[in-house]
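Notes follow once the structure below has been shown.
Computed from the coordinates by the stated procedures, all read-outs in this text should not be read as laboratory data. Every value quoted in this text rests on a predicted model; they were computed, and no experiment measured them. Here the Cβ positions follow ideal geometry from the backbone for every residue, glycine too, while neighbour counts run over all protein chains shown.
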Amino acid sequence: MKTPQKTLFKFLAVGGMAAALVLQTVLPTVASAAQITNRSVTLQAGSDPGSEPGGTVRHLFTFDVATTGNVGSIKFDYCTTAGTGSCTAPTGIDVSGASLGSEAGSDLTGFSVGGTPTSNSYYLTRTVASATSGDTAVLRVDNVDNPTTANYTFFVRITTYASTDTTGGSTDLGTVAASTAEPIVLSGTMPESLVFCTGATVSTTLGVPDCSTATAGAVSFNQLFSPTTTAHATSQMAASTNAGSGYVITVNGATLTSGGNTITAMNAATTSVPGTGQFGLNLKANSTPSVGTEVAPAANGTNYRGQAAAGYSTADTFKFTTGDTVANSYNGGAGGTDAQIFTASYMANVPGSQPAGTYTSTLTYICTPTF
């Protein structure tokens, strides 16, 4: 009789063990949240550049929800790793002062920061409202302090909830990656600058006056001197400077001379009178005689300030006194100016009694900037 009892006891024991194993296999498991898609985070400049280590910046999140249903809160956890395991805060991350800077998207607006953010976690909350699978959230979070390690990748885990305070089961989740970046600091020095040149002509390169194109300064009048018609010629010069008080250009030299003979310099601004002794110049486009062009580009009072000076700034009126200022960069107030080309127009009249000879004048233009 003892033997059957032992057998029955063993049977029951084995049966009990089998029952325990069956119970273990049918325990409920935690349901997995759906994966959000098209997700990204962009580090945008705040008071510091967007990816600056330790910088106070903005984080712009864009993602599509996967599940149709209510969304009341969205949690953002800043971690050293992706996934759903334990979250270790990246060194130096601080989102405790996070605020919602802007939001956009279909059915995913109306949020504000909820609860009390920690150094590496915060959530956005709103009155519970539904969203449809594929709806896009565009959320910019401000006052985020990046991790302090340079060239460092960190992760933000995004989780949506139906509740307004991230309680209960999550609905959707996903991870985005970002990285701080060592700033590249470029430095360069703009020295005090004056570019000035003269020649028979000065041309432009890609639309900019270019002193490397200046030709030689030997200039001839267009005709033989005559008591009945006015002879004329031109030369050019280009100038630019970053001097705070701008520049002045003076002309220096003597009137047209042949041995001991001269042509009278026009010490007062005067029009051309053929048959009299006159030598002068201006920096204008003239019709009597037809010679010269205006300064180019024209002065606009901002980045182009160069202009003809008094006595040399009226069309058809000419003057020459050595040492005179013929141009300056005072249009709109003294200051720096981009390069402009000036055309100096020369005219010569002679009386019938003017002695024969080859008349020349060597003129030197001096450009003086004041820094």
- Hey, any idea what Rg/Rh is for the stretch 151-266, computing Rh the Kirkwood way over Cα pairs? 1.56
- Relative to the longest principal axis of the C-alpha atoms of the chain, give the angle of the C-alpha long axis of helix 2-25, reported between 0 and 90° and rounded to the nearest 10°. 20 degrees
- Message: So if each residue of separation counts as 0.36 nm, and I subtract the Cα-Cα distance between residue 218 and residue 138, what length gain in nm does that give?
- Response: 21.9 nm
- Item | Gained length - residue 356 relative to residue 206, 0.36 nm times residue gap less alpha-carbon distance | 49.5 nm
- Message: Sorted from largest to smallest, which semi-axis lengths in Å does the alpha carbon gyration tensor of the stretch 270-332 give for its equivalent ellipsoid, taking the root of 5 times each eigenvalue?
- Response: 24, 13, 7
- Taking a label point 7 Å from the Cα of residue 70 along Cα-to-Cβ, the residues of the stretch 141-166 whose backbone nitrogen sits under 13 Å from it are 161-166
- Using only alpha carbons, build the gyration tensor for the stretch 149-210 and give me the equivalent ellipsoid semi-axes, biggest first, whole Å. 62, 17, 10
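Quick one: work out Rg over Rh on the C-alpha atoms of the stretch 34-179, Rh as Kirkwood radius. Please report the intermediate quantities before stating the final value.
Details: Rg = 14.0 Å, Rh = 14.9 Å.
Answer for the stretch 34-179: 0.94.
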- Theoretical ellipticity at 222 nm over the chain - DSSP helices of four or more residues, -39500 (n - 2.57) apiece, nearest 500: -2500 deg cm²/dmol
- Distance-filtered residues of the stretch 228-253 - backbone nitrogen under 18 Å, label point 7 angstrom along residue 267 Cα→Cβ: 251-253
- Task: Calculate, in nm to one decimal, what residue 287 and residue 325 gain on full extension: separation in residues at 0.36 nm each, minus their alpha carbon distance.
- Result: 11.4 nm
- Do any cysteines in the chain lack another Cys Cβ under 4.7 Å, and if so which? 367
- Spin-label point model (7 Å from Cα, Cβ direction): what's the residue 109 to residue 296 distance in nm? 5.4 nm
- Enumerate the whole-percent occupancy of each 5 Å bin, from 0 to the last occupied one, for all C-alpha pair distances of the stretch 194-369. 2, 9, 18, 21, 20, 14, 8, 5, 3, 1, 0
